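These notes concern the structure reproduced below.
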Amino acid sequence: MSDGYLERKSALDRAADLAIDAAAGVIGQASHSPHAAATAEPLLLRTAQDALRLRNVPRWTQLMLALAARVTHGSLTVTLPDGRALQARGAQPGPEARLDINHHRLARRLLLGGNLAVGEAYLDGDFDSPDLAVLTEWACRNGELDDTLMGKPWLRLLRRIGFALAANNRRGSRRNIAYHYDLGNEFYARWLDPGMTYSAALWCTPDQTLEQAQTEKYRRLAGEVLQLKLGQRLLEIGCGWGGFACLAAREFGAQVHAVTISREQHDYAQMRVQQEGLSERVQIELRDYRDLTERYDAIASIEMIEAVGEKYWPRYFTQLRDRLVPQGRAGIQAIVIADRYFEDYRGTMDFIQAHVFPGGMLLSPRTVQQQATQAGLKVEDAFSFGRDYARTLNLWHRSFDAAWPQIRALDARGKLAFDERFRRMWRYYLAYCEGGFNAGTIDVLQYGFTRG
């Protein structure tokens, strides 16, 4: 490592410390008149000043707690590394979250790096929570804190310093990213439903099982959105493990051409088609959807667009239009981020983009409408069921935890890196998404399109 790099890093660290002192002063001045410290356990942080006066707590952690003291919805109970418990409460109802700090460096990472840094801090064991999904939902519902604070010069300075430090770290060493679908069918089979469906389920009645709810999702897309009829030609872009393709052929009599670029999913789906006796109705092909030239009565694509990337959205929607017959219908199921968060989201890298779906990006509802219109498609249907996705993720998370010993056993030789860090990555990913859906920051919709 060069002397120049070390000198620059030292200068950035000093700048961060100066900024944090300035930040503490700003937050303290912005607070209401301080109250006397609460005597009950946990200690109640009524104002930012209460946090800034805590003894034997690093300045970075004081500032993080001072920000938490400005909470508006729900409450956050924080346990410090020395065992002290603190609580911040908002005036409005909301999630009751808990954060157990294992290392004080968490605060510095959070203030310098934001969303991505928090996720990586969890991977490194800097904090824990008995319910990560509730903690994420709490953070989402109190997002106005970040909206307000991002306008402060000191926080902008902190984030710029954080980005500079991150850039230098990336020069020193590359992160090892485990690509999502290189983990093997055996991994997913351990915790998905028996139908191997890796997308949002739809509950029509509360007592349905996950597998039944997944079937309901497929039926709605095939019957209500695509309005499939006997003998129609259906293209599925990104067929996963073949669940929808088989249902469309079996229950609606469609002639299905399903494409995927995953060899593992292709082989599994092909075997499934044969086992269900649908070989004459379903063709599974290892092929990029952009290479297709035929036309179809209907096109389906379930949670595949998230992996396309912003640069290729126009090509994706244009291909939907070009591959449809004049009276055809297209139906896609897509995860979207709320319009008001989209511009900030597109300008940063979040935890999922860095560690789970490299190169992926969510659209917003407005962006879906714009892309479809520009491609010559008309939006005919937009059905939202984000809460069902939260429930799906919760069930996946429980199943993943229960199956962890079996998952770990798949990596007996240590080649797949199914270690504790991998487990924490998946737990955080599933909980992070569940909290986002519960808060309404993200949503999932089934869209129906016709040629305009």
Residue check for THR318: surrounded by fewer than 15 Cβ atoms within 10 Å (Cβ to Cβ) and of a type in the set (S, T, N, Q): no
Meets criteria (at pLDDT below 95 and of a type outside the set (Ser, Thr, Tyr)) for GLY172: yes
Scan of the range 85-102 for residues that are more than 23 Å from the chain's Cα centre (by Cα), surrounded by 15 or more Cβ atoms within 10 Å (Cβ to Cβ) and either charged (D, E, K, R) or over 13 Å from VAL57 (Cβ atoms) (or both), ordered by number: GLN87, ALA88, ARG89, GLY90, ASN102
Residues of the range 254-282 satisfying the condition of being in a loop (DSSP other than H, G, I, E, B), farther than 21 Å from LEU221 by Cα and touching a residue at least 40 places away in the same chain (Cβ under 8 Å): SER262
So ALA213, is it under 26 Å from the mean Cα position of the chain (by Cα), assigned by TED's automatic domain parsing to the domain that holds ALA330 and of a type in the set (Gly, Ala, Ser): yes
Subset of the range 194-243 that is without any contact (Cβ under 8 Å) to a residue 40 or more places away in the chain and in contact with a helix residue (DSSP H, G or I) (Cβ under 6 Å, 6 or more places away or on another chain) - its residue that is surrounded by the fewest Cβ atoms within 10 Å (Cβ to Cβ): PRO194
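One line per residue, one yes/no per condition, for (1) in contact (Cβ under 8 Å) with a residue 12 or more places away in the chain; (2) within 22 Å of GLY223 (Cβ to Cβ); (3) aromatic (Phe, Trp, Tyr):
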residue	(1), (2), (3)
ALA307	yes, no, no
THR318	yes, no, no
LEU324	yes, yes, no
GLY331	yes, yes, no
THR348	yes, no, no
PHE351	yes, no, yes
VAL356	yes, no, no
Residue in the range 348-358 that is on the phi < 0 side of the Ramachandran plot, in contact with a strand residue (DSSP E or B) (Cβ under 8 Å, 6 or more places away or on another chain) and not charged (D, E, K, R) present: no
Residues (more than 17 Å from LEU110 (Cβ to Cβ) and buried (at least 20 other Cβ atoms within 10 Å of the Cβ)) located in the range 50-62: ASP50
Of all residues in the range 323-379 being of a type in the set (A, V, I, L, M, F, W, C) and part of a helix (DSSP H, G or I), the one that is surrounded by the fewest Cβ atoms within 10 Å (Cβ to Cβ): ALA354
Residues of the range 224-243 satisfying the condition of being part of a loop (DSSP other than H, G, I, E, B) and not basic (Lys, Arg): LEU226, GLN227, LEU228, LEU230, GLY231, GLN232, GLY238, CYS239, GLY240, TRP241, GLY242
Wholly enclosed helices (runs of 4 or more DSSP H) of the range 55-166 bearing at least 3 residues of a type outside the set (D, E, K, R), in contact with a His (Cβ under 6 Å, 6 or more places away or on another chain) and modelled with pLDDT of 95 or more: none
Cross-chain or 6+ apart pairs with Cβ under 9 Å, the range 427-443 first and over 13 Å from VAL134 (Cβ atoms), then basic (Lys, Arg) and crowded, with 23+ Cβ neighbours inside 10 Å: GLY440/ARG141; THR441/ARG141
Subset tally (residues that are charged (D, E, K, R) and under 19 Å from GLU137 (Cα atoms)) for the range 348-401: 5
Residue in the range 393-405 that is surrounded by 20 or more Cβ atoms within 10 Å (Cβ to Cβ) and of a type outside the set (Phe, Trp, Tyr) present: yes
Only listed residue being at pLDDT 95 or above, over 26 Å from SER399 (Cβ atoms) and polar (S, T, N, Q), chosen from GLN214, GLN270, GLN227, GLN208: GLN227
Number of the condition not met by LEU99 [criteria: (1) closer than 17 Å to ALA133 by Cα; (2) touching a Lys or Arg at 6+ places or on another chain (Cβ under 9 Å)]: (2)
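The values are calculated or read from the model by the stated rules, or taken from the named source; none is laboratory data. Values in this document were obtained by computation on a predicted structure and should not be read as measured data. Note that we place each Cβ from the backbone using ideal geometry, even for glycine, and neighbour counts take in every protein chain shown.
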